[in-house]
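Participant: Right, I'll just put the structure down here and ask away after.
Derivation of every value follows stated rules applied to the coordinates shown; laboratory data play no part. Just so you know, these numbers come straight off a predicted model, no measurement behind them. Because the Cβ atoms are built from the backbone with ideal geometry, glycine has one as well, and the counts that use them run over all protein chains shown.
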């Protein structure tokens, strides 16, 4: 069953949450590579296109990608996508990854973790997607 096509509106927001498994750590200190955040941006952008245009859309470009803080295995991430400009076929998105919880393992409690009192801004970008006319 398909839903009716909606008119894209500036201000529309999509939010995902994701746990970062330890199998995705690539570097010392359980760091995850920056491409991990970009893949998450692709996921929220796809949902945005589905919600606003009834199509998965395609990423055309990223601009101003900034890696502001590390993402680590054991983190819980909140990924946001805000629609900021609507063209005939293009959509400009503001994207962000925030760390909202982080593993805090120690020898006595290897699965210990904590919710952060303030989310930590890890990655930001502006993205442009295109959808069919």
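Participant: To the nearest 0.05, how large is the calculated FRET efficiency for residue 65 and residue 105 if R₀ is 35 Å and r is the Cβ-Cβ distance?
Facilitator: After rounding, the FRET efficiency stands at 0.75.
Participant: Multiply the residue separation of residue 47 and residue 133 by 0.36 nm, subtract the distance between their alpha-carbon atoms, and state the gained length in nm to one decimal.
Facilitator: 29.2 nm
Participant: Now, a different point. Give me the base-10 log of I(q)/I(0) for the range 13-130 at each q in 0.12, 0.13, 0.14 Å⁻¹, Debye formula, one uniform scatterer per Cα, rounded to two decimals.
Facilitator: -0.45, -0.52, -0.59
Participant: Over the chain, what is the mean sequence separation of C-alpha contacts under 8 Å (at least six apart), divided by residue count, expressed as relative contact order in percent?
Facilitator: That works out to 30 percent.
Participant: Sticking with this structure for a sec: Bin by bin, in steps of 10 Å, what percent of the Cα pairs in the range 79-124 do you find, going until the bin that has the longest distance?
Facilitator: Result returned by the calculation: 23, 30, 23, 14, 8, 2.
Participant: Starting from the Cα of residue 115, move 7 Å in the Cα-to-Cβ direction to define the label point; list residues of the range 14-56 whose amide nitrogen is under 16 Å from there.
Facilitator: 17-19, by backbone N distance to the label point.
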